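The values are calculated or read from the model by the stated rules, or taken from the named source; none is laboratory data. Nothing here was measured: the structure is a model prediction, and the numbers come from that model. Every residue, glycine among them, receives a Cβ derived from its backbone with ideal geometry; neighbour counts consider all protein chains shown.
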Amino acid sequence: MKYLEVTFRTQPCNETVTDVLSALCGDIGFESFMEAENGIKGYIQEALYNEDALRGMLENFPMENTEISFEAVPQEDKDWNEEWEKNFFQPIILDNRCVIHSTFHKNVPQAEYDILINPQMAFGTGHHETTSLILGELLDADLQGKSLLDMGCGTSILAILAAMRGAGPITAIDIDDWCVSNSKDNIQLNHITNITVELGDASSLKGRSPFDIIIANINRNILLNDMAQYVSCMHPGSEIYMSGFYVEDIPFIRAKGEELGLRFLHYKEKNNWAAVKLIKA
């Protein structure tokens with residue numbers, strides 16, 4: 001069976017963009033995806049590849065101010081199931097406390113928190129700096145018995161780690177059907193019972209009871225646009241962790257948060273990507 005490898009480069013490059021891109025590519029025949037520098041790689045059977053359909057999808061991409069280029073390269077014929085398992089992402093170990101891996105990985109290192117993810121996706125795995133930054137924050141935070149909201153949940157690995165560390169109840173929300181479906185698969189794989197996954201955006205937060213902790217790993221523009229709706233779901237003492245932007249964007253995120261009554265606590269960075277923590281006064 002002959003396949004094409006299509007390399008997508010996106011600007012900006014974050015998990016929200018790649019989640020939506022992969023979901024839309026899945027609608028036109030792409031079977032699997034892997035992280036790539038500044039984007040993702042998608043794989044599709046040559047017989048199913050329709051460049052006009054791909055260009056049309058990209059022209060109507062539903063996220064504003066997003067630029068996407070692509071290059072398609074034929075791949076040699078091989079056993080793709082074997083290749084997929086052999087070349088899929090390697091297990092991730094965070095602070096020797098949390099390991100993220102797939103069902104086919106062997107000899108997985110032992111860790112306090114062991115997270116399984118669906119092997120049909122290689123993004124939202126913890127490899128991206130923004131995800132690993134928030135995972136690190138969750139490993140350091142006091143989550144026991146605290147209600148939590150994960151906005152733009154993607155694979156829900158953040159919500160899953162939070163549940164393993166005692167948070168609950170947890171609500172995970174994403175704008176994409178595919179992410180909602182994959183989140184439910186991953187939650188079931190990890191035998192988590194206190195996470196509710198919903199399809200929606202920040203408008204779905206109206207009228208909800210406050211959360212103790214909010215996670216939003218999206219991008220700068222969406223965070224600035226939706227932060228007021230997040231704050232409406234916070235009580236005094238509620239904490240919010242945000243990522244999906246660069247270090248140079250921190251002043252804009254901080255200023256918006258302080259305008260809405262939040263107090264800036266700290267930030268962390270990795271390869272110029274940033275995560276911030278604020279608290280409601």
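On the given criteria, is residue 100 more than 24 Å from residue 12 (Cα to Cα), outside the structural domain of residue 187 (by TED's automatic domain parsing) and at pLDDT 90 or above?
No, not satisfied.
Mind counting the residues in region 162-183 that are aliphatic (A, V, I, L, M) and under 16 Å from residue 203 (Cα atoms)?
As a first pass, look at region 162-183 and keep what is aliphatic (A, V, I, L, M): 162-164, 167, 170, 172-173, 175, 180.
Pick out the ones that are also under 16 Å from residue 203 (Cα atoms) and you get 172-173, 175.
Here the count works out to 3.
Could you check region 245-281 and list, in sequence order, the residues that are outside any strand (DSSP E or B), surrounded by fewer than 18 Cβ atoms within 10 Å (Cβ to Cβ) and either of a type in the set (S, T, N, Q) or free of Cβ contacts under 8 Å to residues at least 40 places away in the same chain (or both)?
247, 248, 251, 252, 254, 255, 258, 259, 260, 261, 271, 272
Can you find a residue in region 148-155 that is among the small types (Gly, Ala, Ser), in contact with a strand residue (DSSP E or B) (Cβ under 8 Å, 6 or more places away or on another chain) and closer than 21 Å to residue 34 by Cβ? Walk me through how you get there before you give the answer.
Here is the first cut: in region 148-155, the residues among the small types (Gly, Ala, Ser) are 152, 154.
Among the residues that remain, those that are also in contact with a strand residue (DSSP E or B) (Cβ under 8 Å, 6 or more places away or on another chain) are: 152, 154.
So of that shortlist, the ones also closer than 21 Å to residue 34 by Cβ come out as 152, 154.
Checked against the condition, which is being among the small types (Gly, Ala, Ser), in contact with a strand residue (DSSP E or B) (Cβ under 8 Å, 6 or more places away or on another chain) and closer than 21 Å to residue 34 by Cβ, region 148-155 yields at least one hit.
Could you pull out every one of the strands (runs of 3 or more DSSP E) wholly within region 1-50 that has 3 or more residues that are closer than 22 Å to residue 180 by Cα?
Fully inside region 1-50 and qualifying: 32-36, 39-45.
It is to be established whether one or more residues within region 217-234 are on the phi > 0 side of the Ramachandran plot, surrounded by fewer than 17 Cβ atoms within 10 Å (Cβ to Cβ) and over 16 Å from the mean Cα position of the chain (by Cα). Before you say what the answer is, go through the steps one by one.
So the first thing to find is which residues in region 217-234 are on the phi > 0 side of the Ramachandran plot, and the list is none.
No: zero hits.
Tally the residues that are in a loop (DSSP other than H, G, I, E, B) and either surrounded by 10 or more Cβ atoms within 10 Å (Cβ to Cβ) or of a type in the set (A, V, I, L, M) (or both), restricting the search to region 51-61.
Step one: list which residues in region 51-61 are in a loop (DSSP other than H, G, I, E, B), which gives 60-61.
Of the ones still in play, those that are also either surrounded by 10 or more Cβ atoms within 10 Å (Cβ to Cβ) or of a type in the set (A, V, I, L, M) (or both) are 61.
Number of matching residues: 1.
Which of the residues spanning region 163-179 are among the charged types (D, E, K, R) and either assigned to a loop (DSSP other than H, G, I, E, B) or outside the structural domain of residue 226 (by TED's automatic domain parsing) (or both)? Outline the logic, then answer.
Taking region 163-179 as the starting set, the residues that turn out to be among the charged types (D, E, K, R) are 165, 174, 176-177.
Passing the criteria: 165, 176.
Cβ-Cβ distance below 9 Å, separation of 6 or more or different chains: which pairs start in region 133-156 with a residue that is in contact (Cβ under 8 Å) with a residue 60 or more places away in the chain and end on one that is of a type in the set (Gly, Ala, Ser) and surrounded by fewer than 20 Cβ atoms within 10 Å (Cβ to Cβ)?
Note: pairs meeting the criteria are 143/166; 143/168; 146/166; 146/168; 147/168; 147/209; 148/168.
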